[in-house]
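Below is one structure, written out as structure tokens; comments come after it.
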Amino acid sequence: MVTFLDKAGSAEALAQFLASAQSDPNIAGLMILAADGNGFAPEVLDPILQQVTKPLFGAIFPAIIHGGQTLTIGTLVIGLPVAPRIVTIRELSRLALPRDLLEELGEPNGAPGTAFMWLDSFSQAADALLDVFYNHFGPALRLLGGGAGSLDMRQKPCIISNAGLLDDAAVIAVLDLPSGIAARHGWVKLAGPYHVTESEKNVIHSLNWRPAATVYSAVVSSVAGEMPPPDRFYEVSRNFPFGLQRYGVERIVRDPFLVDGNSLICVGDVPQGSLVDILTGSKESLLVAADEALMIAESRLAAHGRATTLFLVDCVSRMLFLDDHFAGELALMNMPGVEMVGALTLGEIAGTGRDYPVFYNKTAVVGVFDR
């Protein structure tokens, strides 16, 4: 992969990068990762994107990653050595996703392959889209991706395509490239389990038939002191996520970011009838988990080659939790001769090719590629 980095995050620099990539015979397709601080808008970006004839896809995130740096302003253009097969899905939150949605991506051909999936995190459609993806491809493809958008929690255009900059959308790109992918988070049980007795998608109404906010606040306040008012709820809740229990594997983390009366609103669905724990963590436990993800990802690529590109999809709330120690997480990923790129996302997606793909929160997802 070939990367172009513009730390100023200007539309003019993006146009120049894309023009250069257009004329490069070694670049078959393009992925664009942009920081929300660029202030990109459709009226500026659409004419630039629509002039590109090579297939492209990407998204806008709270921050992007290059090397050991986190950039809240800037743009990464990644030149791909193989042409991606791309499907763009519009009106994501208003659609009943059809099973044949991904037909144009073709059937699994038995060769090692990887898919990228970027979606508007405010569409609340990640789990439904993953169902469609797995029904079509099964475990044949490894999957890497996450939720795009802004930390201001307002939905706006954030999905990048040849057609322009889109909101309430998703893009899936399939590449004939092998990869090694792993996800780890490092959060551990504080209290639970609790039965999710009432929920709707990403909203938990009751735990053990008691108001969800009451149960949660009682546990967290016993450790962290009095809960703040609702408008400052996330200042404390970001340190105490939920963990959806799974047999024999690490829990799926769900981040409660808003309180609405007696209900808790999370990033990602929490199925009614599931069992959840309230989790806690330390900076050390999160860093150890990130290091484990890297080692596992490397081992899963070993049969195909040696890593030359590392793609990190890391939750923006991990950065907020780790604070100054987040640089240490990036330093753990630094391997000689390997270029690191990635994004800080609003939810992370991983499919290892061994199990069902998952939409995570507060998790480090590592993908390594041999070219």
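The numbers here are math on the coordinates, done by the rules we state, and not lab data. These numbers were taken from a predicted model, which means no experiment stands behind them. Positions of Cβ are backbone-derived with ideal geometry, glycine not excepted, and every protein chain shown enters the neighbour counts.
Odds and ends about this structure:
- Here the range 188-280 is treated as a Stokes sphere of Kirkwood radius computed over C-alpha pairs; at 4 °C and 1.567 mPa s its diffusion coefficient rounds to 101 µm²/s.
- Stretch gain in nm, segment VAL82-ALA8, where the contour uses 0.36 nm per residue and the Cα spacing is subtracted: 23.8 nm
- Dipole of the chain [Lys/Arg +1, Asp/Glu -1 at C-beta], most positive-end residue of PHE257, ALA218, ALA173: ALA218
- Computed E for SER20/GLN272 - FRET, C-beta separation, R0 45 angstrom, nearest 0.05: 0.30
- Descending by average beta-carbon neighbour count within 10 Å, the peptides 339-346, 220-227 line up as 339-346, 220-227, the highest first.
- Estimated purely from DSSP H runs of n ≥ 4, each contributing -39500 (n - 2.57), the mean residue ellipticity at 222 nm for the chain is -7000 deg cm²/dmol once divided by its residues.
- One decimal place: the segment ALA303-ALA163 gains 46.7 nm when fully extended, by the rule 0.36 nm per residue minus the C-alpha distance.
- Rounded to the nearest 20, the Cβ-based charge dipole of the chain about its Cα centre (Lys and Arg +1, Asp and Glu -1) stands at 540 debye.
- Residues with amide H under 5 Å from that of LEU177, placed H, sequence gap 5 or more: THR114
- Cross-link partners of LYS362 among lysines (Cα-Cα below 23 Å; sequence separation of 8 or more within a chain): LYS156, LYS189, LYS201, LYS283
- Taking each residue as 0.36 nm, the span from VAL223 to ASN109 lengthens on full extension beyond its C-alpha to C-alpha distance by 35.8 nm.
- Ordering of 130-138, 74-82 by burial proxy (mean other Cβ atoms within 10 Å per residue, highest first): 74-82, 130-138
- Among ASP355, ASP167, ASP314, the order by Cβ neighbours within 10 angstrom, fewest to most, reads ASP355, ASP167, ASP314.
- For the range 1-155: relative contact order, % (alpha-carbon pairs under 8 angstrom, 6 or more apart): 26 percent
- Choice from PRO193, PRO241, PRO84 with maximal GNM fluctuation in the chain (Cα, 10 Å cutoff): PRO193
- With the simple spin-label model, which puts each label point 7 Å out from Cα in the Cβ direction, the ASP323 to GLU43 separation comes to 4.1 nm.
- Between the entries [x] 53, 36, 17; [y] 33, 21, 21; [z] 66, 17, 14, the label attached to semi-axes √(5λ) of the Cα gyration tensor in Å calculated for this structure is [y].
- Cut-off 18 Å (backbone N to label point 7 Å along Cα→Cβ of ARG371), residues of the range 29-53: 29-31
- Of the complete DSSP H runs in the chain, those spanning 20 angstrom or more by Cα along the long axis with a mean Kyte-Doolittle score not below 0.0 are 283-301.
- Which of TRP118, TRP187 has the fewest Cβ neighbours within 10 Å, and the rest in rising order: TRP187, TRP118
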